[in-house]
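> Just passing along the structure, written as structure tokens.
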Amino acid sequence: MTAADDIELIKRQEAELVFDRFDEAAAFEIGSAIRTRALAESLPVIVDIRSFHRPLFYAAMPGSNGSNPEWARRKINVVRRFLKSTYRMVLEQRSPDRTFKVGEGLDIADYVLAGGGFPIAVRGAGVIGAIAVSGLPERDDHNVVVAALASHLGHDAAALALPAAE
């Protein structure tokens, strides 16, 4: 699968993984599902779910480290700014140093090109928040979020998953 194929699939994920409504209960259910999976599979991740106004869910798994929350915060900032998934941004920007072009005016202390941030979109309202997972290779961080969202929203997670990296 090429980067262009991945981008098209991510656009499909973003278009399909949309909520009718999103609240604290939904954040807890999705975050708990990611936490349960992470514990079962020994994934050393953190999960951070936020509306753009406040935190809604946070969990740190064994093996995660002190830099993971900062990566998640920076990923959430990218979702807030561009209203799309951070892995899609990685593929579109193709920046080996994980920074945005100088003309964007985005400080590397607050923004990063790294997969694992995904928009929380609500029909009729647009993107109202983000989910970030940090601790795995970025494609895997992205897939963990997509799988949880697909399951929660009743979509076929396998049909929406990015294939394993070649």
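> Mind listing whichever residues of region 121-137 are within 17 Å of G63 (Cβ to Cβ) and of a type outside the set (G, A, S)?
Correct list: V133, L136, P137.
> Can you tell me how many residues in region 87-146 are farther than 25 Å from S64 by Cβ and part of a strand (DSSP E or B)?
5
> Continuing with the same structure: Within region 61-86, can you find the residues that are aliphatic (A, V, I, L, M), in a helix (DSSP H, G or I) and over 19 Å from A147 (Cα atoms)?
Going residue by residue through region 61-86, those that are aliphatic (A, V, I, L, M) are 61, 72, 76, 78-79, 83.
Okay, now just the ones that are also in a helix (DSSP H, G or I), so 72, 76, 78-79.
The answer is V78, and nothing else.
> Among R35, R54, R88, R74, which is within 22 Å of A161 (Cβ to Cβ), out of contact with any Leu (no Cβ under 8 Å at 6 or more places or on another chain), free of Cβ contacts under 8 Å to residues at least 60 places away in the same chain and not acidic (D, E)? Spell out the reasoning first.
Values: R54 fails: within 22 Å of A161 (Cβ to Cβ); R88 fails: free of Cβ contacts under 8 Å to residues at least 60 places away in the same chain; R74 fails: within 22 Å of A161 (Cβ to Cβ).
Every option except R35 fails the conditions.
> Something else about it: Are any residues in region 3-28 over 14 Å from A157 (Cα atoms) and touching a helix residue (DSSP H, G or I) at 6+ places or on another chain (Cβ under 6 Å), and if so, which ones?
A3, D6, I7
> OK, next. Residue check, D5 against (1) more than 17 Å from R80 (Cα to Cα); (2) within 16 Å of the chain's Cα centre (by Cα), all met but one. Which one?
Condition (2) is where D5 drops out.
> May I ask you to list the residues in region 29-56 that are surrounded by 13 or more Cβ atoms within 10 Å (Cβ to Cβ), within 20 Å of V127 (Cβ to Cβ) and either in contact with a Phe, Trp or Tyr (Cβ under 6 Å, 6 or more places away or on another chain) or not hydrophobic (A, V, I, L, M, F, W, C) (or both)?
Listed by number, the residues that qualify are E29, G31, D48, I49, R50, S51.
> Within the set of pairs 6 or more residues apart or between chains, which connect a residue that is among the hydrophobic types (A, V, I, L, M, F, W, C) inside region 150-164 to a residue that is part of a loop (DSSP other than H, G, I, E, B) with Cβ atoms less than 7 Å apart?
A150/L17; A150/D156; L153/L17
> Can you tell me which residue within region 152-166, out of those that are out of contact with any strand residue (DSSP E or B) (no Cβ under 9 Å at 6 or more places or on another chain) and outside any loop (DSSP other than H, G, I, E, B), is surrounded by the most Cβ atoms within 10 Å (Cβ to Cβ)? It would help to see each step written out before you state the result.
From region 152-166, those out of contact with any strand residue (DSSP E or B) (no Cβ under 9 Å at 6 or more places or on another chain) are 154-166; that's our starting set.
When the remaining residues are screened for being outside any loop (DSSP other than H, G, I, E, B), the result is 157-160.
Working: A157: 15, A158: 8, A159: 10, L160: 19.
The extreme case among them is L160.
> Only residues that are of a type in the set (A, V, I, L, M) and more than 15 Å from R73 (Cα to Cα): list them for region 124-144, please.
Of everything in region 124-144, those that are of a type in the set (A, V, I, L, M) and more than 15 Å from R73 (Cα to Cα) turn out to be A125, V127, I128, L136, V144.
> Do you know which residues across region 39-53 are on the phi < 0 side of the Ramachandran plot and not β-branched (V, I, T)? Working first, answer last.
Pass one, region 39-53, residues on the phi < 0 side of the Ramachandran plot: 39-41, 43-53.
Passing the criteria: L39, A40, E41, L43, P44, D48, R50, S51, F52, H53.
Laboratory data are not the source of any read-out in this text; all were calculated from the coordinates shown. Predicted model, so just to flag it, every value in this text is computed and none were measured. Ideal geometry is used to build each Cβ from the backbone, glycine not excepted, and the neighbour counts take in all protein chains shown.
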